[in-house]
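To keep things clear, I will list the structure first and then write my remarks on it.
The values are calculated or read from the model by the stated rules, or taken from the named source; none is laboratory data. These numbers come from a predicted model, not from an experiment. As a convention, Cβ positions derive from the backbone with ideal geometry for all residues, glycine included, and neighbour counts pool all protein chains shown. Please note that ligands, DNA and RNA were not included when accessible areas were found on the heavy atoms of the full protein model with its side chains. Shrake-Rupley method; radii C 1.70, N 1.55, O 1.52, S 1.80 Å.
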Amino acid sequence: MYECDTSAPDPAVNRPIPPLPPVPYSLDDWKGELFWKAMDRIDHSYLRLILRHRKLEDIQLIFSELKDQICPLMFNRFGASVILDLTADAHLLMLVCLNSNGHKAVLVLLACLRTPKQKSDVIYALQPLVAQLVNHQFGSGIIGVILRIFHKTAKETQPILDAIADIFFEMATNLHGSLLLRELLDSKIFLLKSRPSILPKLIADVHKLSHHPYGCVVLEGVIRIGMQDVQRDIVAQLRGGFALMSMHKDARIVVLALIMESKEELAPQIYNEMASSPYFSTVLQDPFGKRVVERAWTCTKKTSHEILPFPDLHEENVWPKKKKSRIHV
């Protein structure tokens, strides 16, 4: 792999200008030389012309030779134009992004983008592919890198965030999509920039998300951002189901997050609902439910204990007694 050294001399400067190849010509004559051809003042224009014709076998040949040399090519004005033309084909770009080796080449390309125009061109090319990329192992990594690297400098990332908001539920219930959402939520990039477009959809799907193994983790990330109005809306949507949710292995994660993050504001409401539920005795005997009730009680103001049902919750006769160990040291 070539080093990204901006001080390296342009190999096309001192090389003699070759005669124009006959037209029509075949790329087979240039096999093994496409790296140098891409940086040549004359030959790079022919490569760009070929790329614009979008003949799949020609594009694949060019990509196969240039994919491992993206970095030095991006530091050459002729090579950079060839690489950017190579990424302009949406179908090819998607295939490359979803390929185990191809996505590494795209990551190298992103790291080598220098000018705002280069960044804008690549992001523009990837925007239509967001829905196909975000739920894929390799594609989601590429979108994550783009948002992580360019979110402060490239305005074009906002349409990518908007596209993610449009398919929030599909992403939240997908393994790779949910991991990307958690990364965005932890950095607070996503929800703060896409709040108007995402919150109504999130609240509408909160029941389905809370009972999904991936969706509940994403919903937990939303709660932990700490926006009180969002927490209140989620509690309002889930009201009436906290007792049963506390015994569900996925949904209890959401209940615990609401209790822990809102603490003295919403924890009393959640505990009061569970304590008033006909299922409360079952909740106390359930390993998940017991943990949720304990946490709700702990996060409730001591002064509120007097007005909540089951004020003797802390006493031993409420909880199932633990068996004493027969092992003596």
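Condition test on Ile167, is it open to solvent by less than 10 Å² (accessible area, probe 1.4 Å) and either over 25 Å from Lys119 (Cβ atoms) or free of Cβ contacts under 8 Å to residues at least 40 places away in the same chain (or both)?
no
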| said: Residues that are more than 26 Å from Cys112 (Cα to Cα), of a type in the set (A, V, I, L, M) and open to solvent by 10 Å² or more (accessible area, probe 1.4 Å): does segment 204-221 have at least one? | reply: yes
| field | Residue count for segment 8-46, restricted to those that are within 41 Å of the chain's Cα centre (by Cα), modelled with pLDDT of 50 or more and open to solvent by 50 Å² or more (accessible area, probe 1.4 Å) | value | 7
| message | Could you check segment 128-153 and list, in sequence order, the residues that are more than 12 Å from the chain's Cα centre (by Cα) and within 24 Å of Gly102 (Cα to Cα)? | response | Pro128, Leu129, Gln132, Ile149, Phe150, His151
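Which of the following residues is at pLDDT 90 or above and within 23 Å of Arg232 (Cβ to Cβ): Leu181, Leu191, Leu199, Leu185? If you could, list the steps in order and put the result at the bottom.
Numbers: Leu191 fails: at pLDDT 90 or above; Leu199 fails: at pLDDT 90 or above; Leu185 fails: at pLDDT 90 or above.
Going through Leu181, Leu191, Leu199, Leu185 in turn, just one is at pLDDT 90 or above and within 23 Å of Arg232 (Cβ to Cβ): Leu181.
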| task | Go through (1) out of contact with any helix residue (DSSP H, G or I) (no Cβ under 8 Å at 6 or more places or on another chain); (2) under 20 Å from Gly144 (Cα atoms) and name the single condition Glu57 misses. | result | (2)
| task | Please determine, by comparing only the residues of segment 90-105 that are under 15 Å from Val134 (Cα atoms) and part of a helix (DSSP H, G or I), which one is most open to solvent (accessible area, probe 1.4 Å). | result | Leu95
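Quick one: is Arg77 over 30 Å from Lys155 (Cβ atoms) and open to solvent by 70 Å² or more (accessible area, probe 1.4 Å)? Spell out how you get there, then give the answer.
Values: over 30 Å from Lys155 (Cβ atoms): no; open to solvent by 70 Å² or more (accessible area, probe 1.4 Å): yes.
No.
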| query | Can you find a residue in segment 300-316 that is modelled with pLDDT of 50 or more, touching a helix residue (DSSP H, G or I) at 6+ places or on another chain (Cβ under 9 Å), open to solvent by 80 Å² or more (accessible area, probe 1.4 Å) and not in a loop (DSSP other than H, G, I, E, B)? | reply | no
| query | Can you name the condition, by its number, that Arg114 falls short on among (1) part of a helix (DSSP H, G or I); (2) more than 21 Å from Met171 (Cα to Cα); (3) in contact (Cβ under 8 Å) with a residue 24 or more places away in the chain? | reply | (1)
| query | For segment 140-157, does any single residue satisfy the condition of being without any contact (Cβ under 8 Å) to a residue 12 or more places away in the chain, among the charged types (D, E, K, R) and open to solvent by 20 Å² or more (accessible area, probe 1.4 Å)? | reply | yes
| said: Taking the criterion of being without any contact (Cβ under 8 Å) to a residue 24 or more places away in the chain and more than 15 Å from Gly289 (Cα to Cα), would at least one residue in segment 202-209 satisfy it? | reply: yes
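Specify the residue that is surrounded by the fewest Cβ atoms within 10 Å (Cβ to Cβ); the eligible residues are those in segment 47-65 that are part of a helix (DSSP H, G or I) and among the basic types (Lys, Arg). Explain how you work it out, then say what you get.
Taking segment 47-65 first, the residues part of a helix (DSSP H, G or I) are 47-53, 56-65.
From what is left, the residues that are among the basic types (Lys, Arg) are 48, 52.
Working: Arg48: 16, Arg52: 11.
This residue is Arg52.
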| Do we have Leu86 as closer than 18 Å to Gly144 by Cα and either aromatic (Phe, Trp, Tyr) or touching a helix residue (DSSP H, G or I) at 6+ places or on another chain (Cβ under 8 Å) (or both) here? | no
